[in-house]
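Only one structure is covered here, and it is reproduced in the block below.
The values are calculated or read from the model by the stated rules, or taken from the named source; none is laboratory data. What you see is a predicted model, and the numbers here were worked out from it, not measured in a lab. A quick note on method: Cβ atoms are made from the backbone with ideal geometry, for glycine too, and the neighbour counts reach across all protein chains shown. SASA here: full protein model, heavy atoms, side chains in, ligands and nucleic acids out. Shrake-Rupley method; radii C 1.70, N 1.55, O 1.52, S 1.80 Å.
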Amino acid sequence: CLLVVNDGGGSALYTSDYALVESRAPTGAWRRFSPPLRGLQWPLRVGSSWSDIITLEESSGKKVTTPLKADVVSYEPVTVPAGSFMGFKIVLTLGGRRYREAWYAPETRTLVRSIQYGADGREVVAELVDYQKSDEPSGAIKVQ
């Protein structure tokens with residue numbers, strides 16, 4: 001699994017194939033996704049798409065089932081603190097609302113940039129700040 005912790009104390013737990021299992025706010029409030037929200041599906045190709053029915057459960061007790069739709073919309077340059085890369089841009093919608101845009105760079109074998117859109121209009125940006133080439137995927141991600 002992959003645990004991403006942002007500077008503000010929030011965190012997100014992902015499966016090894018980047019499916020979101022749970023997100024936690026600094027307050028301790030959490031949101032779980034069942035099945036895990038798939039942000040990537042192999043092989044990535046421009047024009048590919050996938051969908052799912054996701055159940056979101058919140059620490060408040062709220063439980064909602066909603067459709068997920070993901071589209072690989074382009075293969076484009078993306079610049080982050082770790083450098084400039086070519087990346088597949090993936091747009092996820094949850095319940096018909098834009099939930100996240102992410103760029104996966106084959107060179108780094110990881111997401112190099114993502115923007116998550118909150119229902120309140122807030123955006124959370126995560127960018128790769130450094131990486132080392134190896135046989136295993138790795139990367140340091142900074143969330144602003």
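Summary table below
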{"quantity": "Positions within region 24-57 being in a loop (DSSP other than H, G, I, E, B), open to solvent by less than 60 Å² (accessible area, probe 1.4 Å) and within 17 Å of Ala102 (Cα to Cα), in sequence order", "calculated": "Gly39, Leu40, Leu44, Ser48"}
{"quantity": "Exclusive hit being in contact with a Ser or Thr (Cβ under 8 Å, 6 or more places away or on another chain) and at pLDDT 95 or above, set Pro67, Pro137", "calculated": "Pro67"}
{"quantity": "Test: Val21 is over 18 Å from Gly118 (Cβ atoms), among the β-branched types (Val, Ile, Thr) and not in a strand (DSSP E or B)", "calculated": "no"}
{"quantity": "Residue that is farthest from Gly39 (Cα to Cα), among those in region 98-118 that are outside any strand (DSSP E or B) and open to solvent by 20 Å² or more (accessible area, probe 1.4 Å)", "calculated": "Glu107"}
{"quantity": "Subset of region 82-97 (residues that are open to solvent by 60 Å² or more (accessible area, probe 1.4 Å) and either in a strand (DSSP E or B) or at pLDDT 95 or above (or both))", "calculated": "Ser84, Met86, Arg97"}
